Amino acid sequence: MADSDTPHRPPLLLPESIHQAIQPGTALLRLVTTQSREGLLDGAWWPRTRDIGTELPALISVLTGHLGPITRVGVDASAWNGLPTRLVIDGQVVHLDSDPVGDDTVLITRGHNDHFALLVVPPDTTADAAREAMARAVHADNITQAAQILIATTPEPPGGGSADPAA
């Protein structure tokens with residue numbers, strides 16, 4: 001059968017509402033769409049900067065719409081430029097905790113003790129690498145740690161291999 005005889009199938013696309021244009025500076029978020037919560041991560045977040053005061057309000061606003069009121073956020077203080085102890089977001093006080101969770105994870109608390117772990121994709125990540133990392137993080141059966149996902153999806157620098165000439 002020649003290529004011209006192969007029936008043409010249109011590509012499978014997500015609904016149009018998913019294909020909305022992303023505005024520059026918009027943080028991206030993906031959440032796991034399963035009730036099981038068996039994976040290590042519940043979603044992924046790709047902030048555009050390391051300014052927690054700029055980035056976190058949009059994340060919390062979106063999460064509140066999906067999860068209900070968010071009371072606490074745990075982040076690694078060394079990964080962000082200035083970490084206040086709390087922010088008022090949409091009229092709600094959200095406490096920020098400096099947790100040694102690593103700069104690749106943010107812990108979201110709903111209520112008193114319902115935690116959600118999100119992979120944090122570094123702001124300077126390429127779009128392709130960010131999409132791949134976020135897709136891996138939201139697999140319902142994901143058992144890979146956030147740091148390992150980021151390592152696996154980060155492209156090698158041009159020239160490949162190690163920067164150490166002795167290696």
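Output the qualifying pairs, or none if there are none: Cβ atoms under 9 angstrom, residues six or more apart or on different chains, first residue in the range 107-132 and under 21 Å from Ile52 (Cα atoms) and open to solvent by 30 Å² or more (accessible area, probe 1.4 Å), second residue in a strand (DSSP E or B) and among the small types (Gly, Ala, Ser).
Short answer, once both residue conditions are applied: Leu107/Gly74; Leu107/Ala117; His115/Gly74.
Specify the residue that is surrounded by the most Cβ atoms within 10 Å (Cβ to Cβ); the eligible residues are those in the range 86-103 that are assigned to a loop (DSSP other than H, G, I, E, B) and modelled with pLDDT of 90 or more.
Asp90
Within the range 40-75, can you find the residues that are surrounded by 16 or more Cβ atoms within 10 Å (Cβ to Cβ), part of a helix (DSSP H, G or I) and among the hydroxyl-bearing types (Ser, Thr, Tyr)?
Residue satisfying the conditions is Thr64 alone.
Determine the pairs where a residue that is in contact (Cβ under 8 Å) with a residue 40 or more places away in the chain and on the phi > 0 side of the Ramachandran plot, located within the range 53-71, has a partner that is open to solvent by 40 Å² or more (accessible area, probe 1.4 Å) and charged (D, E, K, R) with Cβ atoms under 7 Å apart, the partner being 6 or more residues away or on another chain.
The qualifying pairs are Gly68/Arg110.
Of the residues Ala152, Ala129, Ala135, which single one is in a helix (DSSP H, G or I), touching a strand residue (DSSP E or B) at 6+ places or on another chain (Cβ under 9 Å) and modelled with pLDDT of 85 or more?
When all the criteria are applied, what remains is Ala135.
The values are calculated or read from the model by the stated rules, or taken from the named source; none is laboratory data. Note that this is a predicted model, so its numbers are computed, not measured. Positions of Cβ are backbone-derived with ideal geometry, glycine not excepted, and every protein chain shown enters the neighbour counts. Areas reflect the complete protein model, heavy atoms only, side chains present, ligands, DNA and RNA absent. Shrake-Rupley method; radii C 1.70, N 1.55, O 1.52, S 1.80 Å.
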